[in-house]
1. Could you tell me the center-to-center distance, by alpha carbons, between region 156-180 and region 124-139 in angstrom?
2. What Kirkwood hydrodynamic radius, in Å, does region 51-107 give when the mean of 1/r is taken over all pairs of distinct Cα atoms and then inverted?
3. Within the set of other residues whose C-beta is less than 12 Å from the C-beta of S53, count the net charge using Lys and Arg as +1 and Asp and Glu as -1.
4. Express in nm, to one decimal, how much length is gained between W1 and Y107 on full extension, taking 0.36 nm for each residue of separation and deducting their alpha carbon distance.
5. How far is the Cα center of region 7-64 from the Cα center of region 65-83, in Å?
6. Of G58, L171, I117, which is farthest towards the positive pole of the chain's charge dipole, taken about the Cα centre with +1 and -1 on the beta-carbons of Lys, Arg and Asp, Glu respectively?
7. Under the rule of -39500 (n - 2.57) per DSSP H run of 4 or more residues, summed and divided by the residues of the chain, what mean residue ellipticity at 222 nm is obtained, to the nearest 500 deg cm²/dmol?
8. Dipole of region 57-181, Cα-centred, from +1 at each Lys and Arg C-beta and -1 at each Asp and Glu C-beta, to the nearest 20 debye?
Amino acid sequence: WTFLEIGRLLDTGVPPEDIAVTFPDLATHAPYALRAAALAGVPARTRAGAPLSASPFGRLLRGISRAAAANLDFDALRDLLLDRFAVWQDGAMAMGLVRFGVEYHAYASYRQDGKRIDVWKASFEAAGKAGHDVRGLESFYAKLKARIKEISSASSFSGLRAAILAFRKSLLDEDSWTESE
C-alpha cells in the first residue's frame, strides 16, 4: 500500500527526492521494501544514515527527555548539565548547580503528606535558611526547569520546535557549534 501511494504521489508530480520511507532496521526490512517498490513500479534505493540520537544534539535532546522523565532528579540533571556538547550561556551556573546538588544532597524529589516535594527547591530553601545566597542558582534552575517542561509537554511538532528553540536561545551558547551540529 505504501509504495502504491508513493506511485500516486509521483504521478501527481511530487518530486521523488521529496519522498522517503524510514525503517527501524534497514538491514532487515530493505529487501522487502525494495521488492514491494518494484511490484508497485516505484523506483527505490536504500540509504543508511545515523539516527538523530547518535548526534551530539540528539544526545542533548535525549538528556532533556531523561531529565524531564526523572522529574529533574540529580543524576539526570547532572548528566544533562555536564554533557560536553551543551555549552551553557552561564557555564559557571550550570557547574554550580551540580556542585550545589552534591553539597545539599538534592538527589531525588520525594512525597511528603501526599504532596510531591521538589528536592531542588527544598535544598534552596535549606541553603537560604543557613545564610547562603543561592538566588542565582535558584533562578538558573527555575529557567532550566521551565524550558525542560515546555519541551516535555509540547503537544504538537510546532510546539516542540518552538520549545527547543527557546531552550537553545535562553540557555545554550551555540557559538562554538559547527554547522552540522
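1. So the separation of the two Cα centres works out to 29 Å.
2. For region 51-107, inverting the mean 1/r across all distinct Cα pairs yields 11.6 Å.
3. Cβ neighbours under 12 Å give a net charge of +3.
4. 33.1 nm
5. 32 Å
6. Among G58, L171, I117, the one farthest towards the positive end of the dipole of the chain is I117.
7. Estimated from H runs of four or more residues: -18000 deg cm²/dmol.
8. Dipole about the Cα centre, nearest 20: 440 debye.
The values are calculated or read from the model by the stated rules, or taken from the named source; none is laboratory data. On a predicted model such as this, the values are computed, not experimentally measured, just so you know. Note that we place each Cβ from the backbone using ideal geometry, even for glycine, and neighbour counts take in every protein chain shown. SASA here: full protein model, heavy atoms, side chains in, ligands and nucleic acids out. Shrake-Rupley method; radii C 1.70, N 1.55, O 1.52, S 1.80 Å.
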